[in-house]
1. Which whole-Hz couplings ³J(HN,Hα) result when phi for each residue of the stretch 123-139 is put into the Karplus expression 6.51 cos²θ - 1.76 cosθ + 1.60, θ = phi - 60°, listed in order with x for Gly and Pro?
2. Where does the chain land at 222 nm, in deg cm²/dmol rounded to the nearest 500, when only DSSP H runs of n ≥ 4 count, each adding -39500 (n - 2.57), divided by all residues?
3. Please say if the stretch 69-214 is rounded, prolate or oblate, where rounded means a/c under 1.5 for a ≥ b ≥ c the square roots of the C-alpha gyration tensor eigenvalues, and otherwise the choice is prolate for a/b larger than b/c and oblate otherwise?
4. Can you give the Rg and Dmax of the stretch 1-106 based on its C-alpha atoms, in angstrom?
5. Which far-off residues, 5 or more places away or on another chain, put their amide H under 5 Å from the one on LEU4, with H placed in the peptide plane?
6. Could you tell me which of the pairs LYS67/LYS216; LYS182/LYS247; LYS13/LYS67; LYS51/LYS182; LYS107/LYS141; LYS13/LYS51 are separated by over 19 angstrom between their Cα atoms in the structure shown?
7. Fewest first, what order do GLU32, GLU121, GLU91 take by the number of other Cβ atoms within 10 Å?
8. When the expected Rg is taken as 2.2 N^0.38 Å, what fraction or multiple of it is the alpha-carbon Rg of the stretch 149-214?
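Every number here is computed from the coordinates shown, using simple stated rules; none is lab data. Note that the structure is a prediction, hence the values are computed from the model and not measured. A quick note on method: Cβ atoms are made from the backbone with ideal geometry, for glycine too, and the neighbour counts reach across all protein chains shown.
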Amino acid sequence: MPPLPLSIFLIVKDEADRIGATLDAVAGLAAEVVVVDSGSTDGTRAIAEAKGARVVHHDFAGYGPQKRFAEEQCSHPWLLNLDADEVVPAEMVAHIRALFAAGEPDKDAYTTRIAEVFPGEEDVHPLAYALAPVRLYRRDKGRYSASIVHDRVDLAPGARVGALHGTIRHRSVRSLGDQIAKLNAYSDRQADDLEARGATIPTWRVFVEFPAAFLKAYVVRRHAVRGVYGFLTAMNYAIARHLRIAKHIERRRLAGRRDEARPDG
């Protein structure tokens, strides 16, 4: 089947162990695949190029700005964004093809169901919690937020939104240690974002953030159905949410001391 008038784009760094499966799942679907790499040293770029992607280097400046840069590298009116650790199922590929079969899809944007597949799991757990962000959209009807931490498409007023069939397999956790390192780095960016926006989170939150976040992950997001590994990943999520608050409060504390030490004009 011929490729669709569609650009698929990814932002990546050091994803040699995962990007191959991601690109294989959408091989032949789009007329263009753009990979924006922020300095991989593990062969990610070579793998992407070997699978037909056009690879562009761009230093990472936050999730929103990086995805906006990637949007600008695309040449088609319809865009599909994927992460390098996400595998699109055949059902979703078929639905996307069906949407374009008669020309233009009848909506301006489409949500995609995304669920985690943890190490040791072969497929999505039947009771797994799933997110449903917009990932397929017309570039004149939506654009990624400029936020350095919020990974979302901001749609134009009145944009018509549909939903794609199937569930993307999200293999974001390589290991518990790798997850902690990634979440720790992300909490730094969250603290940067709060500081840049002049936002203030009250100090009392530090005492409740960990247990509240654990319950959110373990109960609301149903990590409880994933056994011991679900408990461990819920703990990691809670630690990350705690670090976000802790780093924010520490920065306020140190900034206050610097203000006190500064001589009067």
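1. Here the 3J(HN,Hα) series is 8, 5, 5, x, 10, 5, 6, 10, 8, 9, x, 6, 10, 10, 7, 6, 5 Hz.
2. Working: 7 runs with 104 residues, N = 265.
Taken over the chain, the calculation gives -13000 deg cm²/dmol.
3. oblate
4. 13.4, 42
5. ALA30, ALA31
6. As for pairs spanning more than 19 Å Cα to Cα, those are LYS67/LYS216; LYS51/LYS182.
7. GLU91, GLU121, GLU32
8. Scaled against compact globular proteins, the figure is 1.56.
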